[in-house]
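Novice: Structure in structure tokens, see below.
The values are calculated or read from the model by the stated rules, or taken from the named source; none is laboratory data. Since we're looking at a predicted model, the values are computed, not measured. For neighbour counting, all protein chains shown are included, and Cβ atoms are generated from backbone atoms with ideal geometry for every residue, glycine included.
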Amino acid sequence: MPPISPEILKQVKAIELRSRGIVSSLFAGEYRSVFRGQGMEFAEVRQYEHGDDFRAIDWNVSARLGHPFVKTFIEEREITLLLVVDQSGSTHFGTPRSKAAIAVEVASILALAAATTNDRVGALLFAEKVERVIPPGKGRRHALRVIRDLVAFAPGGRRTDLAGALRYATGLLKHRSIVVVLSDFLARGWEQPLRQLAVRHDVVAVAVEDPRETDLPDAGWIELEDAETGARLVVDTGERQVRGRFRALAEKRREERNRAFAAAGVDQVQITTHTDYAQALRRAFAQRARRLGR
């Protein structure tokens, strides 16, 4: 990776300061309840009691001692959080800030939240292929490294291979983890890889949108350009029917995306470029905590 410029370091510091305030004010006490250890680790064996699950019987110990004994487990305290961050061409759109910038800030917040609870956090950055992987690690210094790499990342291509990134994450993680996917999900063929990832891991999909992707302004004839392919199309936005068809297609795409999330059994957070993402995160994670009974 090339040397980090003073400008990048300045951006990292600014994001850290903003993120620190959000982490302390919005996620105080909530991060642990929302992202609690997902696995179980062995604690001890004890003598079988009426009502115990027979599947927990330790047959070797029971045979050796002449009485039935069961294994007991405690929840794993350590969490591994992997941030899968889309930086493809379509995410570099949005106002007042791009979807890519919003994704970086949300990922930064989660990285710092993980550091405050001594959890492991890593990141996978991609566009038309996986280009940067930061292995999970602990501590504030490591979280700042994650943020630095997020800010400094410049994708080598403009297209999106979300499916490939999800398959890469599935192969990368050896133990059950929390995976947060930050993307606009404007890609093809990611539904099945998402389901496969969610079989082994707890997945949260953070969908970042810009309002202009749903509602065209009434601005007369304008030229639209695909951010990833460069294809251009001239349309008359002054025509109500044109704006209506554009909105209907966007809403259909959103509905199909949300159905895919539900089919995969993943939680979702919807964020837009023109609203306060901190409040959206808090609402979504509070709902998740209630659903999980925490």
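Novice: Return only the number of the condition from (1) surrounded by fewer than 16 Cβ atoms within 10 Å (Cβ to Cβ); (2) touching a strand residue (DSSP E or B) at 6+ places or on another chain (Cβ under 7 Å); (3) closer than 30 Å to Ala289 by Cα that Asp236 does not satisfy.
Specialist: (3)
Yes or no, residue by residue, for (1) more than 24 Å from Arg18 (Cβ to Cβ); (2) in contact (Cβ under 8 Å) with a residue 12 or more places away in the chain:
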| residue | (1), (2) |
| --- | --- |
| Ala231 | yes, no |
| Val235 | yes, yes |
| Arg240 | yes, no |
| Ala262 | yes, no |
| Val266 | yes, yes |
| Asp276 | no, no |
| Leu281 | no, yes |
| Arg288 | no, yes |
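Novice: Need at least 1 residues that are β-branched (Val, Ile, Thr) and within 18 Å of Ile109 (Cβ to Cβ) per element, so show me which helices (runs of 4 or more DSSP H) inside segment 134-212 make the cut, counting only ones lying wholly within it.
Specialist: Where helices (runs of 4 or more DSSP H) fall fully within segment 134-212 and carry at least 1 residues being β-branched (Val, Ile, Thr) and within 18 Å of Ile109 (Cβ to Cβ), they are 140-152.
Novice: List every residue pair whose Cβ atoms sit under 9 Å apart, with the two residues 6 or more apart in sequence or on different chains, where the first one lies in segment 43-54 and is in the same structural domain as Val70 (by TED's automatic domain parsing) and the second, anywhere, is modelled with pLDDT under 75 and exposed (fewer than 10 other Cβ atoms within 10 Å of the Cβ).
Specialist: These pairs meet every condition: Tyr48/Phe54.
Novice: Within segment 184-198, can one find any residue that is touching a residue at least 24 places away in the same chain (Cβ under 8 Å) and basic (Lys, Arg)?
Specialist: yes
Novice: Pick out the one residue from Ala165, Ala114 that is buried (at least 23 other Cβ atoms within 10 Å of the Cβ) and either in contact with an Asp or Glu (Cβ under 8 Å, 6 or more places away or on another chain) or free of Cβ contacts under 8 Å to residues at least 60 places away in the same chain (or both).
Specialist: Within the list Ala165, Ala114, the selection yields Ala165.
Novice: Taking the stated definitions as given, is Ala103 assigned by TED's automatic domain parsing to the domain that holds Pro193, touching a strand residue (DSSP E or B) at 6+ places or on another chain (Cβ under 7 Å), within 17 Å of Val204 (Cβ to Cβ) and modelled with pLDDT of 95 or more?
Specialist: Against the criterion (assigned by TED's automatic domain parsing to the domain that holds Pro193, touching a strand residue (DSSP E or B) at 6+ places or on another chain (Cβ under 7 Å), within 17 Å of Val204 (Cβ to Cβ) and modelled with pLDDT of 95 or more), Ala103 qualifies.
Novice: Just for segment 82-111: of the residues that are crowded, with 24+ Cβ neighbours inside 10 Å and charged (D, E, K, R), which one is nearest to Ala165 (Cα to Cα)?
Specialist: Once the filter is applied, the top-ranked residue is Asp86.
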